[in-house]
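Have a look at the structure below, then the notes.
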Amino acid sequence: MQQHNPSTHPEAGGIVDFSYLERKDVGGKINGEPDIRPCLIWNVRAIETLQLVAVLPIVSGATGARVAISPAERVALRLEDTADVVFEEANVFLWPGPHLQPQADRGLVRPRRASKQLLNEIAAGMTGRNCSIIFRP
């Protein structure tokens, strides 16, 4: 029986380093692969043996619909000082997918997860809004 390992299995609130594709780049010519950036695993859906994962980008200097991450949580999650979670768009992909960058321990998820408070703030911010979905092959 395969054991559940949070460093390789996706769970909401996990942080991954992911080659995030922004909505503005979809359909246009991209010079190379998008930059690897930290992303928050927002949702995981099991479809038989597959796992469909939605991630939200964590960026500095973000505009638009976003939630600020507290300074203490930024430090704990090893994020930049001005990092926010943007929730107006999400990338969706089949786990694990080729766009994930493994961690130093070869796991796919960073060791620390986002707080429930941050997840609740994102959920509250999303209420009544539409989130653009970008499917990654």
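The values are calculated or read from the model by the stated rules, or taken from the named source; none is laboratory data. None of the values given here were measured: they were computed from a predicted structure. Heads up, the Cβs are rebuilt from the backbone with ideal geometry, glycines too, and the neighbour counts pull from every protein chain shown. Quick note on the areas: whole protein, heavy atoms, side chains included, nothing else; ligands and nucleic acids left out. Shrake-Rupley method; radii C 1.70, N 1.55, O 1.52, S 1.80 Å.
Worth a mention:
- L79 fulfils the conditions (1) open to solvent by less than 30 Å² (accessible area, probe 1.4 Å); (2) modelled with pLDDT of 95 or more; (3) closer than 15 Å to W42 by Cβ; (4) not hydroxyl-bearing (S, T, Y) except for a single criterion, (3).
- Residue within the range 35-50 that is out of contact with any Phe, Trp or Tyr (no Cβ under 6 Å at 6 or more places or on another chain), charged (D, E, K, R) and part of a loop (DSSP other than H, G, I, E, B) present: yes
- With respect to the conditions (1) open to solvent by less than 50 Å² (accessible area, probe 1.4 Å); (2) closer than 27 Å to G128 by Cα; (3) modelled with pLDDT of 95 or more, S70 falls short on a single one, namely (1).
- Single match in V109, V85 (criterion: outside any loop (DSSP other than H, G, I, E, B) and either touching a Lys or Arg at 6+ places or on another chain (Cβ under 9 Å) or at pLDDT 95 or above (or both)): V85
- Any chance F135 is open to solvent by less than 30 Å² (accessible area, probe 1.4 Å) and among the aromatic types (F, W, Y): no
- Scanning the range 62-82 for residues that are assigned to a loop (DSSP other than H, G, I, E, B) and in contact with a Leu (Cβ under 8 Å, 6 or more places away or on another chain) returns I69, S70.
- Residue within the range 48-67 that is among the acidic types (D, E) and in contact with a strand residue (DSSP E or B) (Cβ under 9 Å, 6 or more places away or on another chain) present: no
- The residues of the range 82-118 that are surrounded by 15 or more Cβ atoms within 10 Å (Cβ to Cβ), closer than 15 Å to I58 by Cβ and among the polar types (S, T, N, Q), listed by number, are N91, S115.
- Pick from the range 44-65, criterion under 18 Å from A123 (Cα atoms) and touching a residue at least 40 places away in the same chain (Cβ under 8 Å), ranking: surrounded by the most Cβ atoms within 10 Å (Cβ to Cβ): V53
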